[in-house]
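The values are calculated or read from the model by the stated rules, or taken from the named source; none is laboratory data. This structure is a prediction, so every number in the text was calculated from the model and none was measured. Quick reminder, even Gly has a Cβ in these numbers, built from the backbone with ideal geometry, and neighbours come from all protein chains shown.
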Amino acid sequence: MNALLLVVVVLLLVVALVALVVGVLALRRTSPAARRADRHNPDTVPTDLEGLRREVAVLRRESAEALRHLHLVRYDAFTDMGGRLSWSLALLDDTGGGVVLTSIHGRGEARTYAKRVTAWVCEQAMSPEETEAVAGANPA
């Protein structure tokens, strides 16, 4: 029984060694350039991967138009009021287009303003806080 087991183990080791040699020889026959070309060959890319690439491209185009650059500046608009209740908020897309919102809080009232921003610049005069908000939203 032990002799039979020893023969089976030796036979399995020989088969494993032969499989290893065949694998190494097959890998050596395929040049690195051929392996790279095979990876970049569009025919070898699964079709679902191409679909994912198209979806990612669409998402990138759509996200460029999203208001994803923002910056908030809080401040005291009047010297007799504390608590930094006034604020300016810039909401801009990748091209610097969007809006800067400002809320000025006084003792008896609060006023809110919205100014359009195009290419990181506003056509209307901006307060220093609004300018700071737009500059802070700019990732450059």
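Exactly one residue out of Val99, Val117, Val121 is under 17 Å from Leu67 (Cα atoms) and buried (at least 18 other Cβ atoms within 10 Å of the Cβ), and it is Val117. Is it fair to say Ala140 is loosely packed, with under 14 Cβ neighbours inside 10 Å and modelled with pLDDT of 95 or more? So Ala140 does not fit the description; no.
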